[in-house]
1. What is the one condition in (1) modelled with pLDDT of 95 or more; (2) out of contact with any Leu (no Cβ under 9 Å at 6 or more places or on another chain) that L35 does not satisfy?
2. What pairs come out if I take residues in segment 24-43 that are under 16 Å from G13 (Cβ atoms) and part of a helix (DSSP H, G or I) and pair them with residues that are at pLDDT below 95 and not aromatic (F, W, Y) whose C-beta lies under 6 Å away, six or more apart or interchain?
3. Mind listing just one residue for me: the one in segment 4-23 that is touching a residue at least 12 places away in the same chain (Cβ under 8 Å) and not polar (S, T, N, Q) and, of those, surrounded by the fewest Cβ atoms within 10 Å (Cβ to Cβ)?
Amino acid sequence: MNTIKSQCILVTGSARSGKSEWAERIALSFEQQGLQVTYVATL
């Protein structure tokens, strides 16, 4: 039996606080570690 471990990270904060920049850096870091990343952003 294969076990898949997943993780969800929710980033919140005020407008122009750097949420998107931080989330994109973290997503890139995870991808560089060979992890599968799904990035969802809203306007």
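The values are calculated or read from the model by the stated rules, or taken from the named source; none is laboratory data. From a predicted model like this one, the values you see are computed outputs, not experimental measurements. Reconstructed Cβ throughout: ideal geometry from the backbone, glycine too, with neighbour counts over all protein chains shown.
1. That leaves (1) as the condition not met.
2. none
3. My answer is I9.
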